[in-house]
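The values are calculated or read from the model by the stated rules, or taken from the named source; none is laboratory data. If you're wondering where the values come from, they're calculated on a predicted model, not measured in any experiment. Because the Cβ atoms are built from the backbone with ideal geometry, glycine has one as well, and the counts that use them run over all protein chains shown.
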Amino acid sequence: MVLLYFPGKDRSIPMFNAARRKDAELFIPLHKDYANEPMEVYMCFRSADGTEISDSVYLGNVNGTAMTRQEIINQQKTDNDILHFKALEAKYLKILEETGGAMPNTKAFRVLQTEYKALKHKYRYIIDQRE
């Protein structure tokens, strides 16, 4: 028997009589909704006559660990902040292009520039990795 547990979906899929020991391998087709999900895999053996069963063995994690709810929220916030930064950057660079690189001496531009520089510094590592 093989058991696949999907912690991100809080769902498990048991597979009884999935393969014979002598086969030494098992291919498990997964629905596309599960293929890239983190999964924990367990296995045990049963005798041919069904009278004995082994202890289960944890085979490991596949596709990494599931994100917690808080990690998902944090990731969404970061993604939204980076989208905001990209829009801000486009506006900032457009103004510089329109003025031939000269910095406009307006309060609106100074606020824009301050926010642009702060976000660029805050997300410099993430932005570099994504580009």
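Overview of results
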| quantity | calculated |
| --- | --- |
| Residue list for the stretch 92-114, restricted to those being surrounded by 12 or more Cβ atoms within 10 Å (Cβ to Cβ) and among the basic types (Lys, Arg) | 110 |
| Where a residue in the stretch 65-92 is among the basic types (Lys, Arg) and its partner, wherever it lies, is surrounded by 11 or more Cβ atoms within 10 Å (Cβ to Cβ) and in a helix (DSSP H, G or I), with Cβ under 7 Å and at least six apart | 91/112 |
| The stretch 55-75: number of residues that are of a type in the set (Gly, Ala, Ser) and surrounded by fewer than 12 Cβ atoms within 10 Å (Cβ to Cβ) | 2 |
| Odd one out for residue 31, checked against (1) within 22 Å of the chain's Cα centre (by Cα); (2) modelled with pLDDT of 90 or more; (3) under 15 Å from residue 12 (Cα atoms) | (2) |
| Tally, over the stretch 28-78, of residues that are more than 19 Å from residue 5 (Cβ to Cβ), assigned to a loop (DSSP other than H, G, I, E, B) and aliphatic (A, V, I, L, M) | 1 |
| The stretch 7-56: number of residues that are free of Cβ contacts under 8 Å to residues at least 40 places away in the same chain, closer than 30 Å to residue 69 by Cβ and not aliphatic (A, V, I, L, M) | 14 |
